[in-house]
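Taken together, the values in this text are just the output of simple stated rules run on the coordinates, not laboratory data. Since this is a predicted model, take the numbers as computed values, not measurements. For neighbour counting, all protein chains shown are included, and Cβ atoms are generated from backbone atoms with ideal geometry for every residue, glycine included.
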Amino acid sequence: MMRTFKVETEAQVQAIDITGKVDSEVAAAGVGDGAILVYCPHTTAGIYVNEGHDPDVATDVMGALEKLVPRNGPYRHAEGNSAAHIRSILTGNGCLLPVLGGRTVIGTWQRIFFAEFDGPRTRTVQVHFLGGGR
Amino acid sequence: MMRTFKVETEAQVQAIDITGKVDSEVAAAGVGDGAILVYCPHTTAGIYVNEGHDPDVATDVMGALEKLVPRNGPYRHAEGNSAAHIRSILTGNGCLLPVLGGRTVIGTWQRIFFAEFDGPRTRTVQVHFLGGGR
Amino acid sequence: MMRTFKVETEAQVQAIDITGKVDSEVAAAGVGDGAILVYCPHTTAGIYVNEGHDPDVATDVMGALEKLVPRNGPYRHAEGNSAAHIRSILTGNGCLLPVLGGRTVIGTWQRIFFAEFDGPRTRTVQVHFLGGGR
């Protein structure tokens, strides 16, 4: 039902393509049709789906989020990472992806990204399998 | 399949931790493994998952959304609550959460929030149960 | 399990109400209870749920996204459409909606929108059916 993998982030802010890791978990689980929920159990990181062919897109995405939600507020939260919490809400902390014939079916240019907003850290990503319906 | 509960919001802008209410519905429904969709049927409120231990985080989140999308536009929509509609889209109006062994499994620091952007109002939250897959 | 339909967008930036098309697919599929994932396989367009009664709301939503994420950066991605990628992440590229008794149950004022951020183009929308749980 649930599988997990680790992501080692290397910077305070970093987008990491996790599509290969997700695909491996789907293949290992031997699921058929339905959907998977790729879920981030952390509150200062997110999950999003977007272009992965040109790494400049992810750089622009993370840059835009830094501009929209600056690291130094002012904020009230004393830990100093409010911006990371807010950016996590803007990207969302999970994505639901269709699975057909045991394979994740996403768009040609789509990749799944883990967005670190308060790294570097060791992070966990969960993959949950949901059944298809009729 | 679906259960609902009410949320009474007390301010124009307010983040309310609804994790306890969601957990109660999951327990009452007696589900096993799968996922729940926590769904907000309103267009000027949202649902998000983030830190709930320090209430300053939610204050910072709502403050950032007010700064990003100011209440007074200018906007075209005559009702004067366009900012609430836009903020609802930024947070999203639902979240999908894994359920294992009849319990919602979210991160240690994660809580589920109802985000009121055009209150105070009496709001409804839906909880839908989706089956697990193989 | 999956059905698709086309959306012809007519402007660079445009929000199109696709609720009728989604409802037709749900009706044609003859599903019972569960949920549907309305999924956009593109990286410069999004899916969101919000008010559809007054078209000014969608205009305000798209206007706010243009203001938050300006078309002309500066950005690094050479294709010149980084803003479209970023806005797609802010709205999200899919929504999960409850289905009860063969019909999508969303709020009275809610409609499903396809958000074009890099048109005009011919776009595809996928509708996936997920089973209900117990």
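Counting from the shortest, the label point at C:Asn72, 7 Å from Cα toward Cβ, is 3.0, 3.0 nm from the same position in each remaining copy. Close amide H pairs (under 5 Å, H built 1.01 Å from N) link A:Val7 with A:Arg123, A:Thr124, A:Val125, residues at least 5 positions away or on another chain.
Of all residues in chain B, the one whose Cβ lies closest to the rotation axis carrying B onto C, together with that distance in whole Å, is B:Gly131, 3. The phi torsions of the range C:112-119, fed into the Karplus equation with coefficients 6.51, -1.76 and 1.60 and a -60° offset, translate into couplings of 9, 10, 9, 9, 7, 10, 8, x Hz, rounded to whole numbers, with Gly and Pro shown as x. Along the axis of the charge dipole computed for the range C:2-130 (Cβ charges of +1 for Lys and Arg, -1 for Asp and Glu, origin at the Cα centre), the listed residues C:Gly80, C:Gly30, C:Thr91 are led at the positive end by C:Gly80.
Each DSSP beta bridge with both residues in chain C is either parallel or antiparallel, and the antiparallel ones are about 100%. Looking at the range A:20-103, none of the chymotrypsin sites (Phe, Trp or Tyr not before Pro) sits in a DSSP loop with at most 15 other Cβ atoms within 10 Å of its own Cβ. Computed from backbone phi, the HN-Hα couplings of the range B:41-49 come to x, 9, 9, 10, 8, x, 10, 9, 10 Hz, rounded to whole numbers (Karplus: 6.51 cos²θ - 1.76 cosθ + 1.60, θ = phi - 60°; Gly and Pro given as x).
Couplings for the range B:100-106, taken from phi via the Karplus curve 6.51 cos²θ - 1.76 cosθ + 1.60 with θ = phi - 60°, read 10, x, x, 10, 5, 10, 10 Hz in order; Gly and Pro are left as x. Qualifying GluC sites (Glu not before Pro) in the range A:1-43, where qualification requires a DSSP coil assignment and no more than 14 other C-beta atoms within 10 Å, comprise A:Glu10. Relative to the longest principal axis of the Cα atoms of chain C, the long axis of helix C:55-68 makes an angle of roughly 50 degrees. Considering all C-alpha pairs of the range C:21-77, those separated by over 15 Å amount to 69%. In whole Å, how far is the Cα centre of the range B:7-55 from that of the range A:1-50? With the range B:7-55 and the range A:1-50 each reduced to a Cα centre, they are spaced 24 Å.
Cβ under 15 Å from A:Gly20's Cβ, A:Gly20 left aside: what net charge do those residues give with Lys, Arg +1 and Asp, Glu -1? Spelling it out: positives minus negatives among the neighbours equals +1. Mind checking the angle between helix C:82-91 and chain C's longest principal axis? C-alpha axes, 0 to 90 degrees, to the nearest 10. For C:82-91 against chain C, the angle is about 30 degrees. Label-point spacing for B:Arg121 across the identical copies (point 7 Å from Cα in the Cβ direction), in nm and ascending order: 3.3, 3.3. Distant-in-sequence amide contacts of C:Asn50, defined by a placed amide H-H separation under 5 Å and a gap of 5 or more residues or a different chain, comprise C:Arg111, C:Phe113. If you model the protein assembly as shown as an ellipsoid using its alpha carbon gyration tensor, with each semi-axis the square root of five times an eigenvalue, the axes come out at 27, 24, 24 Å, biggest first. Bridgeable lysines around C:Lys67 (alpha carbons under 29 Å apart, same-chain partners fewer than 8 residues away excluded): A:Lys67, B:Lys67, C:Lys6. Quarter the surface of the alpha carbon convex hull of the range B:2-130 and you get the mean projected area, 7.7 square nanometres.
Between copies, the label points of A:Gln12, set 7 Å from Cα on the Cα→Cβ line, lie 3.3, 3.3 nm apart, reported in increasing order to one decimal in nanometres.
Relative to the longest principal axis of the Cα atoms of chain A, the long axis of helix A:19-29 makes an angle of roughly 40 degrees. This model, with +1 at the C-beta of Lys and Arg and -1 at the C-beta of Asp and Glu, gives the protein assembly as shown a dipole about its Cα centre of some 680 debye. Positive-end ranking of A:Phe113, A:Val49, A:Met1 along the dipole of chain A, with charges on Cβ about the Cα centre, is headed by A:Met1.
In a reduced charge model with +1 at each Lys and Arg Cβ and -1 at each Asp and Glu Cβ, the range A:2-130 shows a dipole moment near 360 debye about its Cα centre.
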